[in-house]
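The values are calculated or read from the model by the stated rules, or taken from the named source; none is laboratory data. Just so you know, these numbers come straight off a predicted model, no measurement behind them. Cβ sites come from the backbone with ideal geometry, for glycine too, and all protein chains shown count toward neighbours. Protein only, heavy atoms only, side chains kept; ligands, DNA and RNA dropped before computing areas. Shrake-Rupley method; radii C 1.70, N 1.55, O 1.52, S 1.80 Å.
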Amino acid sequence: MSAERIDPREPVSPAVSAPAADAAARVAGVQIDGVTKRFGDATALHEAWLKIADGEFMTLLGPSGCGKTTLLNLIAGFLEADGGEIFVGGRLMTETAPYDREIGVVFQNYALFPHMNVAKNVGYGLRMRGVGKREIDTRVAEALALVKLDGFGERKPRQLSGGQQQRVALARALVIRPKVLLLDEPFSALDKNLRGAMQVELKEIQRRLGVTTIFVTHDQSEALSMSDRIAVMSQGRIRQVGTPDEIYRRPLDPFVASFVGDVNVLPGRLERRIGETATVLIAEGRLSVSADTLEGIAPGAAVDLFVRPDAVRIAEGEGLVSGTVATHVYQGSHVDVLVDVAAARGGRVTVRVPGHGASTRWPVGTRVSLDFSPADAVAFASDVS
Amino acid sequence: MNKRPFLALFVAPATLAAIASAAALAAILQYAFRAYVPGSLNPGGLTLDNFFALLRPLYAQVFIQTVWICLLTALITLVVAYPLAYALVRTRNVTLKSFLLITAVTPLFLGEVVRTYSWIIVLGNTGFINSVLKGLGLIDRPIQMMFTTFGVVTALVHVTLPVMVIMLSAALSHIDRDYEKAATSLGAGPVKAFLTVTLPLSMPGVVAGVSTAFAWTFSAFATPQMIGGGKVSMISTLVYQLGFASFNFPFAAALSVTGLALTFAVLAMAKQAIKPLEKIGAH
Ligand SMILES: Nc1ncnc2c1ncn2[C@@H]1O[C@H](COP(=O)(O)OP(=O)(O)OP(=O)(O)O)[C@@H](O)[C@H]1O
Ligand SMILES: [Mg+2]
């Protein structure tokens, strides 16, 4: 199902014929082939297909309960799949015990062993592998230096701040030189500033080490800022896989469009479709948009046009759609101008205006016209008809 | 005026009970320092003789035997209870969980005497074990289990098991499963993960369970009396004999007081031992 939705132009994404993928294609860091997981009657994961390249930073993004942790647990081997196969470094993982998978995991609550100091925590994986004491000491010191915690070896986890504990957890997972690094919402317990700093740091470390990384979050801005590619999930399905830009600007379904970033919805009607282009009638005009997302939709059907707030241009007079300025939301680097538009879903359109002059230029009550480039609009069949 | 108007009302019964038991303790304490007058229920003048008498090999022997039985019972109970508690906490299977809960915890509601009787049926010379072994042709003559330390310890393990299971389950259920997952992802097999992570993190529960089992066994009376049948002496049974067979209340009191002091000493040592471990558990 979901495999059909993956853009075939994207070179590293799995081919539509994923089941037939040849052995040579399995140099990819991780390959998930039609993996299904059920808990009792509920299906937590419906036949997931995903290929993650060597060294890639892949984010699993989706709302709570969509199956992100389940997929991560399947890769780590904490859960067994009900169907499908998982390959890591080209090796089939089904028969491999979790302790033999060489996968580093960073848990949401860090899961640092409270009865061991930092150095013992970081060295744990090396001790389990029977690495010599001298080498353990060097590698632990290196790992702690990597996460900027030199000299913290003797501390107990409870003597560290949340951010420091997070770094120890990262060092502990990385010191074993894992084939893959899995992180399950690692920053959700940190405050906003620290989270931003840790995002940058993780990204730098990941790039430096080149370790294949699968990062789970439900925070779309975190996903957009860190990932090489994002897999958007909902209700146990992978809805779209693509670069942050593709996900943001060319969402393949209404769920992805509204989950990633803010969006305005303008109801309209499909007039006709010629090749790659579809003409959509909205309130006061018509617009030619890409027909990719309208496959199988008959002319005359109700469609919704999705437009990002930053793609909407605001001007005086009449335009494609027009409305009345209702209020301003000051956001520092930009101002969100909320415009009452009768033709819009919810009666409102948000326009993101850079700078801070918007409130004086378009005071509340001003009649304005709104416009946007057809390239910035995506049309989907309406679920409300 | 009074922020907690019902406080006095609630506290009064507890205070009464506390006063009563303190008075009883004080009575025992003062008896322990009084001389025994043979043929009289009333004690004589102040003396330390009762405590010196405790040093006689016969009684010192009972002390050592009691401590030994208690330690043995506590440790065996730990070994039996740990897997039960672990399975109880970790299983997702509801049937298994109920089964474990029923087998491990319901004996608590049967009372010591009933449970001990059941062991007499099992351990007796014509009891369950001997009948089965005989039936299988493995033995000609019954193995003596009644009136032995083995029999007493076996029954005491059963008596202390529920409490130990409850205490260990409480400790184990507070250990985040992610610790084991983390250990596993770092290359530890199930046994190594258990030994290096779960077991150390459950130590506060282990120490609490063992010291409780120790104190519990120390004061057990019905089981050593019924299974030991006078052949296995513990402090509690000795106190009974001295007090109610010889009516030597002062000596019985001295024995009780010393036993109580010993129990406190053991609990205090356990508390010291837990201290560093409790910090571990706090996460
Ligand atoms: N052990 C389990 N037993 C039964 N159902 C489970 C179990 N684990 C997960 N589920 C169910 O599977 C679905 C997916 O859960 P999962 O934990 O993967 O979600 P998630 O995307 O990680 O959500 P969150 O962002 O809240 O962590 C949920 O509906 C959840 O209730
Ligand atoms: Mg989760």
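Quick notes
- Filter result (hydrophobic (A, V, I, L, M, F, W, C), more than 7 Å from chain B (Cβ to nearest Cβ) and surrounded by 22 or more Cβ atoms within 10 Å (Cβ to Cβ)) within region A:108-119: A:Leu112, A:Val118
- Taken together, the criteria place A:Arg158 among residues that are within 14 Å of another protein chain (Cβ to nearest Cβ), in contact (Cβ under 8 Å) with a residue 12 or more places away in the chain and more than 16 Å from ligand 2 (Cβ to nearest atom).
- Scope region A:73-98; condition touching a helix residue (DSSP H, G or I) at 6+ places or on another chain (Cβ under 7 Å), more than 16 Å from ligand 2 (Cβ to nearest atom) and within 23 Å of A:Arg38 (Cα to Cα); matching residues: A:Gly77, A:Ala81, A:Ile86, A:Phe87, A:Pro98
- Highlighted here are the strands (runs of 3 or more DSSP E) found entirely within region A:29-72 that include at least 2 residues which are away from ligand 2 (no atom under 11 Å from the Cβ) and open to solvent by 10 Å² or more (accessible area, probe 1.4 Å): A:30-39, A:42-52.
Conditions tested, residue by residue: (1) in a strand (DSSP E or B); (2) within 20 Å of A:Glu316 (Cβ to Cβ); (3) open to solvent by 50 Å² or more (accessible area, probe 1.4 Å).
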residue: A:Gly332; (1), (2), (3): no, no, no
residue: A:Asp336; (1), (2), (3): yes, yes, no
residue: A:Val349; (1), (2), (3): yes, yes, no
residue: A:Thr360; (1), (2), (3): no, yes, yes
residue: A:Phe380; (1), (2), (3): yes, no, no
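- From A:Val341, A:Val312, A:Val307, A:Val337, residue being assigned by TED's automatic domain parsing to the domain that holds A:Ser290, in contact with a Gly (Cβ under 8 Å, 6 or more places away or on another chain) and within 23 Å of A:Ser258 (Cβ to Cβ): A:Val341
Residue by residue, here is whether (1) more than 18 Å from the chain's Cα centre (by Cα); (2) more than 14 Å from ligand 1 (Cβ to nearest atom); (3) over 24 Å from A:Leu202 (Cα atoms) holds:
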{"site": "A:Ile52", "(1), (2), (3)": "no, yes, no"}
{"site": "A:Leu61", "(1), (2), (3)": "no, no, no"}
{"site": "A:Ile75", "(1), (2), (3)": "no, no, no"}
{"site": "A:Gly84", "(1), (2), (3)": "yes, yes, yes"}
{"site": "A:Thr94", "(1), (2), (3)": "yes, yes, yes"}
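- Top-ranked residue in region A:292-308 [being open to solvent by 10 Å² or more (accessible area, probe 1.4 Å) and touching an Asp or Glu at 6+ places or on another chain (Cβ under 7 Å); ranked as nearest to A:Asp336 (Cα to Cα)]: A:Arg308
- Check on A:Ile282, open to solvent by 50 Å² or more (accessible area, probe 1.4 Å) and over 28 Å from A:Cys66 (Cα atoms): no
- Meets criteria (basic (Lys, Arg), more than 16 Å from ligand 2 (Cβ to nearest atom) and not in a strand (DSSP E or B)) for A:Lys120: yes
- Pairs where the first residue, in region A:62-87, is within 14 Å of another protein chain (Cβ to nearest Cβ) and farther than 16 Å from A:Trp49 by Cβ and the second is within 12 Å of ligand 1 (Cβ to nearest atom) and open to solvent by 30 Å² or more (accessible area, probe 1.4 Å), C-beta under 8 Å, 6+ apart: A:Asn73/A:Leu79
- Qualifying positions in region A:181-202 - within 16 Å of ligand 1 (Cβ to nearest atom) and in contact (Cβ under 8 Å) with a residue 60 or more places away in the chain: A:Leu182, A:Leu183, A:Asp184, A:Glu185, A:Pro186, A:Ser188, A:Ala189
- Matching residues in region A:88-107 - criterion: being surrounded by fewer than 20 Cβ atoms within 10 Å (Cβ to Cβ) and more than 8 Å from chain B (Cβ to nearest Cβ): A:Gly89, A:Gly90, A:Arg91, A:Leu92, A:Thr94, A:Glu95, A:Thr96
- Residue, nearest to A:Trp49 (Cα to Cα), within region A:186-216, restricted to residues that are modelled with pLDDT under 95 and within 16 Å of ligand 2 (Cβ to nearest atom): A:Pro186
- Condition met for A:Ala311 (surrounded by 13 or more Cβ atoms within 10 Å (Cβ to Cβ) and modelled with pLDDT of 85 or more): yes
- In the set B:Ala87, B:Ala104, only one residue is out of contact with any Ser or Thr (no Cβ under 9 Å at 6 or more places or on another chain) and surrounded by 14 or more Cβ atoms within 10 Å (Cβ to Cβ); that residue is B:Ala87.
- Scanning region B:107-133 for residues that are closer than 30 Å to B:Ile175 by Cα and surrounded by fewer than 16 Cβ atoms within 10 Å (Cβ to Cβ) returns B:Leu108, B:Phe109.
- Inside region A:41-50, residues that are within 8 Å of ligand 1 (Cβ to nearest atom) and either within 14 Å of the chain's Cα centre (by Cα) or without any contact (Cβ under 8 Å) to a residue 60 or more places away in the chain (or both) make up a count of 1.
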